[in-house]
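Report on the following structure.
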Amino acid sequence: MNITIFPTGKGGAESAVKYLLSDTDHEKKKRTVLPEILFGDPNTFTEIANSTKRQHKYTSGVIALRDGLESQSVTPEQITTLIETFRSTFLPGLKVDENFADFWVMHREKGNVELHFLYANTELVSNSQLNIHPPGEKNIQFFNAFSAVMNDNFGFAQVVPDPLKIALKQFEAKSPNGKNDKKAKNDFAQVLHSEIVNGTIGNRNQLIGYMKRHGLDVPTIGTDFITVRLPGAQKNTRLKGPLFQKDSDYAHLVSEHHQSKIQKFLTPEESKGQQEKLIAGIRARTAFNQRRYLTTKPGAKRTPRASKLLTANLPHRVARRKDEQVQKVKPVPVKEIRSTLKDQLTQLKEQADPATKLPTANLPHRVARRQDEQDRESPSSAVMGASAIHGLEAQIGNLSMQYHCLMLLLVSAKGRRAEQIKTQLIALEQKLSELNLELEKKKVQTKDSPKPTTT
């Protein structure tokens, strides 16, 4: 499960609503499954979003589940609770249709579940600007924590960022071959991706040289960014991120790219840490919403002379400060936020389909998987636990050394040799993943196996 916020929202909301409800996708292909409205009314939402004169009228995004078991296992009740949890997380203290307007539509034509959402960028009572996804690293970490906690609670693998995919995403939106040629955009991104992975492009200077040889002007080169002028473009595009930094380690980025292909699940400690990050984000967002939208602004409403405030005869600034002290909002207790989140996560687990969930679905994902595998093992397997663990650790160590050596060879390899090494790396990644899972299982079995009793 992953959340993406789209760089849209300017102009009228009609086009966004129309796309979500259209029977054709962004490539003008007929949807095999028609969109399904989950929450909100398209006409009402459009009117509210367009009522402001601000340039940014709405926020658009999607909660996307992976295809296969991830999308097949989720129930309608869980989808409803997930959306309600999203609302209470990123708009805490505010009420739908009273303080904010949203519109949710489900797409399933790609074989997976996609929960598309639109939020009007206006708070309905005060008419002030409302932004569920403000700029800044703290907000990004807030959204990442939500995704991590939800994936962990559902038992899904975590979303591991691929630095190459993120950095090259902008080339998928713009390319030297024209704005409307999607194949050309993807081809250009894929070529850059391949050249970096196989070591042909090994640092930023080589990347810049490659771009210039293929028709891109690079007018500015900064310490942590470069700007490019795509053919036919009227403006420069600034490219930031690890790939475009002066002293970036491309070999390390390639290694992270390979690691992103291996499934990752949170340990109990990591799960607790992500929940604490999420709670901290909810607390900060709650305090902001209370100050901005739920607290009467001094002077906003004139009071009758008979009931005027005691500070009315003081200088204006002093009076305002005293009024704010009286009306200061009390912070929401962390215990209350933690309790609400716990209830929501429990409800999501309880709403799982008994026909598709495992008997241990209510346990943390890793423990559940180990418990199921333990049930299939014979009692005598614990006897060989210690030796099995040492054997697995030795195998992992040997394969890890092979992986490291191949990564070093890949940097200078080209052509068929590079392709052979990449194939070997993929096979090693899969084997390492399997062995690590097996090792964790054996450790739990050894730890939990009953100790022999003496009589």
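The values are calculated or read from the model by the stated rules, or taken from the named source; none is laboratory data. Here the structure is a predicted model, which means the values were calculated and not measured. Positions of Cβ are backbone-derived with ideal geometry, glycine not excepted, and every protein chain shown enters the neighbour counts. SASA here: full protein model, heavy atoms, side chains in, ligands and nucleic acids out. Shrake-Rupley method; radii C 1.70, N 1.55, O 1.52, S 1.80 Å.
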Taking a 1.4 Å probe, which of Tyr119, Tyr210 shows the most accessible area, and what order do the others take after it?
-> Tyr210, Tyr119
With a 1.4 Å probe and every protein chain left in place, tell me how much accessible area Thr220 has, in Å² to the nearest 10.
-> 60
Between Lys335 and Glu137, what FRET efficiency comes out of the Förster formula 1/(1 + (r/R0)^6) with R0 = 22 Å and r the beta carbon distance, rounded to 0.05?
-> 0.20
Length gain on complete extension for the stretch Ile37 to Glu350, per 0.36 nm per residue less the alpha carbon to alpha carbon distance?
-> 110.3 nm
What whole number of Å gives the distance from the Cα centroid of region 427-447 to the Cα centroid of region 223-280?
-> 28
Label 7 Å along Cα→Cβ of Lys110; region 58-85 residues with amide nitrogen under 18 Å?
-> 60-74
What figure in square angstrom, to the nearest 10, would you give for the accessible area of Ile140 with a 1.4 Å probe?
-> 70
Any idea how far apart Gln402 and Lys18 come out in nm if each label point goes 7 Å out from Cα toward Cβ?
-> 5.7
So, in nm, how far is label Leu69 from label Lys342 when the simple model puts each one 7 Å beyond its Cα toward the Cβ?
-> 2.9
Lys and Arg at +1, Asp and Glu at -1: neighbours of Gln395 with Cβ under 11 Å from its Cβ sum to -2
Pairs beyond 23 Å (Cα-Cα), from Lys240/Lys414; Lys264/Lys442; Lys57/Lys165 = Lys240/Lys414; Lys57/Lys165
Once Ser126 and Glu269 are pulled to full extension, the length gained, defined as 0.36 nm per residue separation minus their Cα-Cα distance, is 47.3 nm
Once the piece of chain linking Gln234 and Ala280 is laid out straight, how much longer is it, given 0.36 nm per residue of separation minus the C-alpha distance between them?
-> 12.3 nm
Those residues of region 112-145 whose amide nitrogen sits under 18 Å from the label point placed on Gln55, 7 Å along Cα→Cβ = 121-122, 129-136
Scalar couplings 3J(HN,Hα) for region 58-63 by Karplus 6.51 cos²θ - 1.76 cosθ + 1.60 (θ = phi - 60°), nearest whole Hz, x for Gly and Pro, are 7, 10, 10, x, 8, 9
Scoring only Lys, Arg, Asp and Glu (+1, +1, -1, -1) among other residues with Cβ under 13 Å from the Cβ of Gln141 yields +1
Among the listed pairs Lys95/Lys342; Lys10/Lys30; Lys272/Lys441, which are separated by more than 25 Å between their Cα atoms?
-> Lys10/Lys30
Within region 51-115, which GluC sites (Glu not before Pro) sit in a loop by DSSP and count at most 14 neighbouring Cβ atoms inside 10 Å?
-> Glu98
Largest first, what is the accessible-area ranking of Ser400, Ser51 with a 1.4 Å probe?
-> Ser51, Ser400
Using label points projected 7 Å from each Cα along Cα→Cβ, tell me how many nm separate Asn436 and Phe225, to one decimal.
-> 3.4
